Amino acid sequence: MAVMNLISTINHTLDVELERDDSVVVFGEDVGLEGGVFRATVGLQKKYGEKRVFDTPLAESAIVGTAVGMAINGLRPVAEIQFSGFIYPAYNQIISHVARMRNRTRGRLHLPMVIRMPHGGGIKALEHHSESLDTLLGHIPGLKVVTPSTPYDAKGLLLSAIRDDDPVIFLEPSKIYRAFKQEVPEEDYTIPIGKAKVLKEGTDVTVVTWGAYVHEALKADKLLTEEGIQAEIIDLRTISPIDRDTIIESVQKTGRFVVIHEAAKSFGPGAELIALVNEGAFLHLEAPPTRLAGFDVTIPIPRGEHHYFMDAQRMAAGIKKVVHY
Amino acid sequence: MLTEQYGPLQKKMFQIMDETGAILSPDLVPDRSEEEWLQSYKLMLKTRSADNKALQLQRQGRMLTYAPNTGQEAAQVGSAAAMEKGDWLVPAFRELGAWLSRGVDLERVYLYWYGNELGSQFPEDVRMLPISVPIASQLQHAVGVAMASNIKGESDVTVAYVGDGGTSIGDFSEALNFAGVFNAPVVFIIQNNQYAISVSRQKQTKAETLVQKAVAAGIPGILVDGNDLMAMYAATKEAIERARRGEGPTLIEAYTYRLGAHTTSDDPTKYREDEEVETWRDKDPVKRMKAYLIGKGVWSEEEDAKLIEEYDEEALEVFRKVEASGETKLEDIFKYHFREMPPHLQEQYEEYVQYLEEVE
Ligand SMILES: Cc1ncc(C[n+]2csc(CCOP(=O)(O)OP(=O)(O)O)c2C)c(N)n1
């Protein structure tokens, strides 16, 4: 077993799959020669050649659009978008074709493709480098949207994503690319898409989050524990389709629900999660299900970033309000 | 007309001055006084000082990510020098020399790279759009600004910038096409600095030149030595005058080189050879203009060294002011989304202020 951080795990996983399956191709801006601006694909072009791992011109729409064609014609493309904030030129392709091809052709064509990208904020970056697309992608019928919060999960989920016969968007929390290391098995394993993970069991309140916020929420949990509050912490892992059962079961037990996310509050993923809690656990609720979310503002550039992103203390304060409702 | 002599299909590059500062074609030297050339040269020096200082401060951990301009000063200053008072500048993000030429003060620029949106709040009399991070998207705005000048019957011209990488994105082709169709008074300047992060110009397009993309749009174009201040000035001047006469857009490819890293987060040794960089150092736009001015007797090494020192100090002073401005004010992240803050935002703001008071 090797000890790896998130970014080296992505690299290792792509390596595993390029080795195992000749139909896998990896490409995007700066992906080939340089190995990606975050170094996710370092060394892969050297190992697998320019035909399978390559740089593209600067054109997100063409990156995703050509991936569609490759997937139709027998490949398993893994396309990289340099930052989630640059997905928009490709949004037309994603909504109009990536998400629809199977349904449009009534199953005649399908798209085994992955679009990976650094996601979320908190890295003191320029504008457009901190975006949360949970809703913008999760809302599109026909897409699966996955986001790991640990190296171990990243490998299992990315292997599932590449092997999936339908398109999967793979959101990588850039804030934790190098934040910590973990043992990641060398061997092949997958983690099913659509399964959340209970990170810590508790009886007082259900807290659901994902991505980089998982680690902040675990810190918040420590603060709550000191005050005798037993929170159940769930890492959603797949934004779409949501693992309804795990969440409902938990809320039925705790009677309280808090969802925490980076994306702006209005029309955000929290609204969807609260709706399904209301549908599935309404009679168990002892407090209004609550969102701790980003303000309805454009994510500020670095000097204002701390106003936007929540720390453990703020999360704990929000959770406590629900517990003491 | 320069665009005929050096048009996209002529496969020639327009130059007035060679790498040593010697004039190649005296008849093409634009009608400007030595004093005016010296002013432009000083702006190039100022740009370089501001760059060097920003990089130094970044290494000290005081500045955030910064995109340097070194090597591209002539392309930036030369083109902007050809603009008139009411003309609009539409930037990408690597045109410091052009911004300074148009009256943007360094404090704003540093504030932007320091990570505060107020860095994009230019004074009313500066006709410049903010930095546009999504590559090439700004070109559409440039065409729209120019179309508006036409519609309103005004004679202002818009000058817009993009990088070589930016020419691969659909927005670029769409903007050129619109500009042609609507005969928009706009000048597109491609700063071809040979790289889009690690991706070389050769991998960006199979086209032999970038300027030949003008042909498809049916608009004139010209390939210019982007390290030649005089050539950049002359080509832009001609294009601006054509636009002002109502004869529509022009595409200029400024052939230059990014001597530094893409940004402070980039390590160019991963994708290019030192020797290549060295050959371009010989073509340094600042060096050749200095040699020219010294040759004309209007400048000296001593004055040069002294001015660089002054600019360095000034840049540091400006930065200190920016640094002292501290963090973005909380209300600033809320209050600029709409003319009036809607109730739900007001509520989010107040709730958070209350939270902050509680934890203090
Ligand atoms: C739509 C979009 N995709 C990707 C990026 C990330 N990115 C920032 S700069 C850059 C390269 C730009 O190259 P070029 O247009 O040649 O300009 P240069 O940086 O050389 O000045 C890339 C890919 C972006 N800003 N916007």
* Under the Karplus relation 6.51 cos²θ - 1.76 cosθ + 1.60, θ = phi - 60°, what is the ordered set of whole-Hz ³J(HN,Hα) values for region A:274-284, x standing for Gly and Pro? -> 5, 4, 6, 5, 4, 5, x, 9, 3, 6, 8
* Which value, in Å² rounded to 10, gives the accessible area of A:Met4 with a 1.4 Å probe and all protein chains present? -> 20 Å²
* Structure fact -> Note: A:58-65 gets an average of partner chain Cβ contacts (10 Å, Cβ to Cβ) equal to 4
* Asked: Residues with amide H under 5 Å of A:Val31's amide H, sequence separation 5 or more or different chain, H placed in the peptide plane at 1.01 Å from N; which?
  -> A:Gly36, A:Thr56
* Cut-off under 5 Å, modelled amide H: who pairs with B:Asp87 long-range -> B:Val157
* Structure fact -> Non-local residues with an amide H under 5 Å from the amide H of B:Gly221, with H modelled 1.01 Å from N and Pro and chain starts lacking one, are B:Leu251
* Of A:Lys253/B:Lys335; B:Lys12/B:Lys296; A:Lys124/B:Lys290, which pairs sit farther than 32 Å apart, going by alpha carbon to alpha carbon? -> A:Lys253/B:Lys335; A:Lys124/B:Lys290
* Asked: With all protein chains present and a 1.4 Å probe, how do B:Arg339, A:Arg100, B:Arg281, B:Arg108 order by accessible area, largest first?
  -> B:Arg339, A:Arg100, B:Arg281, B:Arg108
* Asked: How far, in nm, would the chain grow between B:Glu358 and B:Ala148 when pulled straight, counting 0.36 nm per residue and subtracting the alpha carbon separation?
  -> 70.5 nm
* Using the 2.2 N^0.38 Å rule of thumb for compact globular proteins, work out how region B:76-202 stacks up: its C-alpha Rg over that value, please. => 1.04
* To do: Based on alpha-carbon positions alone, could you give the equivalent ellipsoid semi-axes of region A:197-323 from the gyration tensor, as √(5λ), descending, whole Å?
  => 22, 17, 13
* Asked: Gap in Å between the Cα centre of region A:165-233 and the Cα centre of region B:227-269?
  -> 49 Å
* Structure fact -> Rounded to a whole number, the mean other protein chain Cβ count within 10 angstrom for residues of B:195-201 is 5
* Structure fact -> In whole angstrom, the spacing between the Cα centers of region A:247-285 and region A:1-34 equals 35 Å
* With only Lys, Arg, Asp and Glu charged, each at its Cβ (+1 for the first two, -1 for the last two), find how big the charge dipole of region B:166-281 is about the Cα centre; round to the nearest 20 debye. => 360 debye
* Taking 0.36 nm per residue of separation and subtracting the Cα-Cα distance, what length does fully extending A:Thr105 through A:Leu223 add? -> 37.3 nm
* **Between A and B, accessible area buried - total, square angstrom, nearest 100, 1.4 angstrom probe** => 3300 Å²
* To do: Calculate the radius of gyration of the Cα atoms of the protein assembly as shown to one decimal place, then report Dmax, the largest Cα-Cα distance, as a whole number, both in Å.
  => 27.2, 89
* Loop only per DSSP, at most 14 neighbouring Cβ atoms within 10 Å: give me the GluC sites (Glu not before Pro) in region A:1-98, ordered by residue number. => A:Glu50
* Contact order normalised by residue count of chain B, Cα under 8 Å, 6+ apart, percent -> 24 percent
* Structure fact -> Of the candidates B:Leu129, B:Phe178, B:Val159, the farthest towards the positive dipole end of chain B (Lys/Arg Cβ +1, Asp/Glu Cβ -1, centred on the Cα centre) is B:Phe178
* Asked: In whole Å, what is the distance between the alpha-carbon centres of region B:36-107 and region B:297-338?
  -> 12 Å
* Electrostatic dipole magnitude of chain A [Cβ: Lys, Arg +1; Asp, Glu -1; Cα centre; debye, to 20] -> 380 debye
* **Choice from B:Gly248, B:Gly166, B:Gly153 with maximal GNM fluctuation in chain B (Cα, 10 Å cutoff)** => B:Gly153
* **Out-of-range pairs (alpha-carbon distance over 32 Å; input A:Lys155/A:Lys200; B:Lys53/B:Lys213; A:Lys47/A:Lys197)** => B:Lys53/B:Lys213; A:Lys47/A:Lys197
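Taking the Cα centre of the protein assembly as shown as origin, sum charge times position over the Cβ atoms of Lys and Arg (+1) and Asp and Glu (-1), and report the length of that vector in debye to the nearest 20.
Working: 73 positive and 102 negative charges, 343 e Å.
With Lys and Arg at +1 and Asp and Glu at -1, about 1640 debye.
The values are calculated or read from the model by the stated rules, or taken from the named source; none is laboratory data. Only a predicted model underlies this, so the values are computations on that prediction, with no experimental measurement involved. Here Cβ is always computed from backbone atoms with ideal geometry, including for glycine, and neighbour counts include all displayed protein chains. Surface accessibility is based on the protein's heavy atoms, side chains included, excluding ligands, DNA and RNA. Shrake-Rupley method; radii C 1.70, N 1.55, O 1.52, S 1.80 Å.
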